[in-house]
Amino acid sequence: MEIKPQCVVALTWTLKDSLGEVLDELEEPVEFLVGGGDLLARIEEALQGHEKGAELDLHLEPEEAFGDFNDQLIFLEPRTLFPKEIEEGMTFEGLPPGTHPDAPKDVLYTVTEIYPEHVVLDGNHPLAGISIRLHVKVEDVREATEEEIGAGSAGTGFFKPPGGAGDSTIH
């Protein structure tokens with residue numbers, strides 16, 4: 001079956017930065033809805049017309065992937081507004097009450113530094129500002145179900161485009 005909108009592809013991949021360092025590797029296939037909200041537009045475009053067994057090597061600039069780094073998404077917040085057991089690397093969907101009023105509410109924030117009085121939070125995607133190289137293998141292609149089409153997703157969302165709280169995970 002040829003890949004086209006409203007079908008589901010099962011993919012494996014190796015994701016590297018522009019220096020060739022492996023950032024993520026998926027050895028077991030994961031399903032994504034083509035024509036939904038699961039994949040970055042550039043990946044969907046490249047997959048169109050291919051079939052099971054196809055292998056593609058893509059180079060994505062930040063604007064085609066996870067966006068440019070935005071220093072306006074870095075916030076220094078009072079330590080007292082966060083749980084006692086907070087650790088670097090923890091994530092929060094939105095910020096708790098009492099934090100910066102202009103901070104976007106629909107962003108996943110990562111704790112990057114902890115000080116006795118403050119916590120530094122970063123609302124950028126972990127791969128923001130990075131050019132990526134992606135080797136993708138199409139493990140399977142099938143028709144999407146009505147439920148998947150209605151939801152706009154095969155249910156994984158690992159490679160969601162930037163713009164929502166669920167977009168910070170690659171794998």
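Every number in this text was worked out from the coordinates using simple rules, so none of it is lab data. Everything quoted here is computed from the prediction, not taken from an experiment. Ideal geometry is used to build each Cβ from the backbone, glycine not excepted, and the neighbour counts take in all protein chains shown.
Rg(Cα) of the stretch 12-73 divided by 2.2 N^0.38 Å?
This ratio for the stretch 12-73 stands at 1.25.
Restricting everything to alpha-carbon atoms, can you work out Rg to Rh for the stretch 71-122 with a Kirkwood hydrodynamic radius?
Value, to two decimals: 0.90.
Per-residue counts of other Cβ atoms within 10 Å, averaged by peptide: what ranking do you get for 59-68, 80-89, highest first?
Going by the mean number of other Cβ atoms within 10 Å, highest first, we get 59-68, 80-89.
The stretch 89-132 to the stretch 11-70: how many Å between their Cα centroids?
The distance from the Cα centre of the stretch 89-132 to that of the stretch 11-70 comes to 25 Å.
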